Each structure stands twice: as structure tokens, then as C-alpha cells.
Amino acid sequence: MIIHTLIYRFADSVTAPEREQFFAELGKVALDSGLVLDFGHGDHFTLPVDAHARGMTGHTVAQFAVPDLETLRAFSELPHVHEHISRWRSRIDYEAAYANHENLLTAPSRKGSVMHHTEHTVTIEAAADIVWKVLVDVEGYARIFPPTQEVKIFEESPSHQIARLVVDVSGSIQSWVSRRDIDAERRVIAYRQLENAPLMGYMGGEWRALALGTERTQLVLTHDFKPRDPEDGKVAGRYTYEQADEMIKAAVERNSVADLGAVKDESERIAAARERVA
């Protein structure tokens, strides 16, 4: 995981309500992007020595958490991120310093704070536009993905979907609500659970369809996840943290392979049908 840390120093003319609005909008831009796992901000606590410190002493610190540097780069290039910066630069006077780094305080013993990242991939003998149509058709997942029992769309636009999925997870039927942010130009779907499955503390990731020529596609599926924090020593009232962690990792591995295989089979079936018609 990569942490993007920002230190802000505001001019005396900037009011407290303006600062709060600035960070409220910044947080919304971050979390609505589907690329940022978490966002937070807080005041810098001043010490007497700060009055004599060399360099910039900030007023407020903000942090973004993202899975990797590639995701942070993608977020930094989003047009509405630059629109936010330009809009506020024209309204208030502030300085900002930043650093990109790993989560330096995550110790191995603090298992509840560890986010797993996995990446699975498959090569598909079909054009990227065919693969993309299969990915965007979330309702079709109940037909092509063996573990998925039902999909119900609550909200949909060309750039996003919010849907409830009912899925067989290791023989247990579970349900959750996911948001999918759709970038048709890049052929990327960023997803995250808004209402988590019983064992899950966080689940998000991406589908990426990368064209390899005109008739072949590299499909990449990533997951960023961690179990729910234990209550009274148990996750979901039944499992230790370690048990839940192993169960989720096994399910992610098993279902990733199955889901990629399902998209491959469906895409190649459609490609073959088109070729026969042609």
C-alpha cells in the first residue's frame, strides 16, 4: 500500500469554514474516484519549538491510501483532481508539501491493519471491445460466473454502477453492495464494497482490459482486502482473525481464477460467433 501525505499551510486570510470545505471536497474527490482506499485529515499540533523551526510548519495534514504507485499516478491524472486544485488555488492562499511512501507504521503483529493486494491475469483470444462489454454487463455475472447467484442494480450511469451481488463463498451464500466506477476510455472498472460481506473489513480492486493487438486482450483482476476487525476476539462472531484472513485469501484466489476463466470463455465464445457470421 502507498500513502500520499500532504502538509498544508494556509494564509491567515483563510477561515476555518473554508478549510473544512476544502478538505470535505478533497475527500469526496478522492473516495468517489474509486482509486483511493481511504482518506483522512487532521490538525497539526503545534509545539513551542515550531516557532523557531526552519522550513514550513503546516496547519493541517491529509493522507490518501492507495494500493500502489500506478493507482496513485492514475488518480493524480484525473481531470477533476486538477479542477479541484485549480478552483481552490483561485479562491484561497495556501502552500502544500507532499510525499509518497509505504505505510511506515504497519507492524506485522498488527494484523488487523494489514491490507492484502493480489493480482491475477489471463490472456483472452478476443478483441478488447468484446471483453469490455462482458465486464460492463454486471447483471450478466449471474449467468457466467459460477459463484454469483444473483445481481440487482440499484443505480447506474455510463460512469458507474451500484449493485447488490449474492455470491456463493466457500459454500456459504453471502451478499454485499458494490460500487463500480467505469472508465470506458481506459477500459478499467474500479470496484469497492459499500456494504461489506460478513467477514470483510474492506474489499476493492480493479478489472483492466488491455488490448494486445486487435484480436487479443490481457485481462487483469486486482483485489485489495482485509478482514473485519474482531469483536470480543471473533470476526463475524465465529472466527479468529487468522481464520477469517485465511478463508478470505483462499476465496479470493479461487474466485479470481474462476472469474477470469469465465470472462475468457464468454468473450472467446462471442468472438467465435462473430467470426462465423462474418
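The values are calculated or read from the model by the stated rules, or taken from the named source; none is laboratory data. Owing to the predicted nature of the structure, the values given are computational and were not obtained by experimental measurement. In this analysis, Cβ positions are derived from the backbone assuming ideal geometry, glycine residues included, and neighbour counts consider all displayed protein chains.
Out of (1) free of Cβ contacts under 8 Å to residues at least 40 places away in the same chain; (2) of a type in the set (A, V, I, L, M, F, W, C); (3) surrounded by 15 or more Cβ atoms within 10 Å (Cβ to Cβ), what's the single condition that is false for PHE154? Only one criterion in (1) free of Cβ contacts under 8 Å to residues at least 40 places away in the same chain; (2) of a type in the set (A, V, I, L, M, F, W, C); (3) surrounded by 15 or more Cβ atoms within 10 Å (Cβ to Cβ) is unmet by PHE154, namely (3). Of the residues screened, GLU156 is not one that is over 21 Å from the mean Cα position of the chain (by Cα), in the same structural domain as GLU242 (by TED's automatic domain parsing), at negative phi and not hydrophobic (A, V, I, L, M, F, W, C). Set side by side, the residues HIS117, HIS52, HIS41, HIS59 differ, and just one is modelled with pLDDT of 90 or more and not β-branched (Val, Ile, Thr), which is HIS117.
Inclusion of LEU165 among residues that are of a type outside the set (Val, Ile, Thr), within 27 Å of ILE248 (Cβ to Cβ), modelled with pLDDT of 95 or more and buried (at least 17 other Cβ atoms within 10 Å of the Cβ) is not warranted.
With the requirement that a residue be under 14 Å from ARG89 (Cβ atoms) and surrounded by 15 or more Cβ atoms within 10 Å (Cβ to Cβ), what does region 19-40 give you? Answer for region 19-40, where residues must be under 14 Å from ARG89 (Cβ atoms) and surrounded by 15 or more Cβ atoms within 10 Å (Cβ to Cβ): PHE22, LEU26.
Taken together, ALA251, ALA258, ALA244, ALA271 contain a single residue that is surrounded by fewer than 16 Cβ atoms within 10 Å (Cβ to Cβ), in a helix (DSSP H, G or I) and not polar (S, T, N, Q), which is ALA258.
In region 1-33, the residue that is farthest from GLY201 (Cα to Cα) out of those that are assigned to a loop (DSSP other than H, G, I, E, B) and touching a Phe, Trp or Tyr at 6+ places or on another chain (Cβ under 7 Å) is ALA11.
Could you tell me whether region 177-185 includes any residue that is β-branched (Val, Ile, Thr) and surrounded by 13 or more Cβ atoms within 10 Å (Cβ to Cβ)? Within region 177-185 (the criterion being β-branched (Val, Ile, Thr) and surrounded by 13 or more Cβ atoms within 10 Å (Cβ to Cβ)), the answer is yes, since at least one residue qualifies. Scanning region 57-85 for residues that are of a type in the set (Phe, Trp, Tyr), out of contact with any Phe, Trp or Tyr (no Cβ under 7 Å at 6 or more places or on another chain) and outside any helix (DSSP H, G or I) yields no hits at all.
Scanning region 143-170 for residues that are small (Gly, Ala, Ser) and within 19 Å of ALA262 (Cβ to Cβ) gives ALA163, SER170. For region 183-201, filtered to residues that are of a type outside the set (A, V, I, L, M, F, W, C) and within 16 Å of ARG73 (Cα to Cα), the residue that is farthest from the chain's Cα centre (by Cα) is ARG186. Exactly one residue among ALA244, ALA211 is in the same structural domain as LYS152 (by TED's automatic domain parsing), over 25 Å from GLU156 (Cα atoms) and touching a helix residue (DSSP H, G or I) at 6+ places or on another chain (Cβ under 7 Å), and that residue is ALA211. Against the condition assigned to a strand (DSSP E or B) and more than 27 Å from THR214 (Cβ to Cβ), how does VAL151 come out, does it pass? Yes. VAL122 falls short on exactly one of the conditions (1) over 27 Å from PRO227 (Cα atoms); (2) over 19 Å from the mean Cα position of the chain (by Cα); (3) modelled with pLDDT of 95 or more, and that condition is (1). Taking first residues from region 53-75 that are more than 10 Å from HIS4 (Cα to Cα) and surrounded by 13 or more Cβ atoms within 10 Å (Cβ to Cβ) and partners that are among the polar types (S, T, N, Q) and at pLDDT 90 or above, the Cβ contacts under 8 Å between residues at least 6 apart in sequence or on separate chains come to VAL61/THR5; PRO67/THR222. Of the set (1) hydrophobic (A, V, I, L, M, F, W, C); (2) exposed (fewer than 14 other Cβ atoms within 10 Å of the Cβ); (3) touching a residue at least 24 places away in the same chain (Cβ under 8 Å); (4) farther than 27 Å from ALA271 by Cβ, all apply to ILE92 but (2). Residue check: GLY233 meets all listed conditions (1) modelled with pLDDT under 90; (2) touching a strand residue (DSSP E or B) at 6+ places or on another chain (Cβ under 8 Å) but one, namely (2).
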